Amino acid sequence: MTRRIVVGVSGASGSIYAQRLLAFLRDHRERLDLDVHVVFSKFGRVVWNEEIGTDPADYGFRMYGANDMTAPFASGSARFDAMVVVPCSAGSVGRVATGVSNDLMGRACDVMLKERRPLVMVLRESPYSLVLLRNLVTVTEAGAIILPASPSFYSHPVTREALVDTVVSRILDRIGLDNELMVRWTGLNAKHSPQGEA
């Protein structure tokens with residue numbers, strides 16, 4: 001059965017996470033039977049142009065304008081399976097937390113929550129204010145998954161892309177897509193643990 005996925009790209013720094021996710025979805029579209037739709041916020045496209053500099057339409061997915069409320073995923077009856085906002089700004093979290101659907105991405109997030117579908121928000125912000133922390137609790141209670149763009153190092157990534165993939169792999173896990181983007185944790189061998197203890 002075809003999996004229908006929405007990818008939203010907000011104005012936070014960290015467009016490389018979106019780039020790597022879109023590349024994976026493109027490269028595995030047929031094997032995983034994916035139907036991917038992409039929406040950038042107004043400033044999401046500005047940051048992408050600054051950090052990546054390529055045309056995201058080159059990935060071959062259907063793209064929508066920031067305010068195109070005619071997009072299919074603006075309605076729950078379209079039955080999309082999951083949505084990822086990557087990178088996700090603090091402002092995007094705040095608008096979702098307060099139900100402000102002032103653009104297509106915000107509306108799509110609202111749809112995912114009301115339809116009880118996976119909504120993964122890949123927060124790219126530091127440090128966290130008290131306002132943001134409260135908003136994170138609100139969207140989590142509403143059903144969203146907050147997945148901070150916090151790379152891991154136990155797989156010993158040696159390139160920037162490998163480091164980014166430690167986050168992208170977790171994103172894919174959350175929306176149920178098999179991947180081998182990183183070496184997964186299997187535990188420490190006793191001989192490598194502190195003082196040789198298991």
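Values in this text are rule-based calculations from the coordinates and carry no lab data. These numbers were taken from a predicted model, which means no experiment stands behind them.
Miscellaneous remarks
- The phi-based Karplus calculation (6.51 cos²θ - 1.76 cosθ + 1.60; θ = phi - 60°) puts the 3J(HN,Hα) values of the stretch 28-37 at 10, 4, 6, 4, 9, 6, 10, 10, 10, 10 Hz, whole numbers, x for Gly and Pro.
- Annotation: amide H of L147 within the under-5 Å range of M121, V122, L123, sequence separation 5 or more or interchain, hydrogens built in the peptide plane.
- Using θ = phi - 60° and Karplus 6.51 cos²θ - 1.76 cosθ + 1.60, couplings along the stretch 177-188 (whole Hz; Gly, Pro as x): 10, 4, 7, 10, 6, 9, 6, 7, 5, 10, x, 8
- Whole-Hz couplings from phi, Karplus 6.51/-1.76/1.60, listed for the stretch 121-126; x for Gly and Pro: 10, 8, 5, 10, 8, 6
- Overall form of the chain per C-alpha gyration tensor (a/c, 1.5; a/b vs b/c): prolate
- Potential lengthening between D27 and E141 on full extension [0.36 nm per residue; Cα-Cα distance subtracted]: 37.7 nm
- Between 0 and 90°, nearest 10: helix 130-141 axis offset from the chain longest Cα axis: 80 degrees
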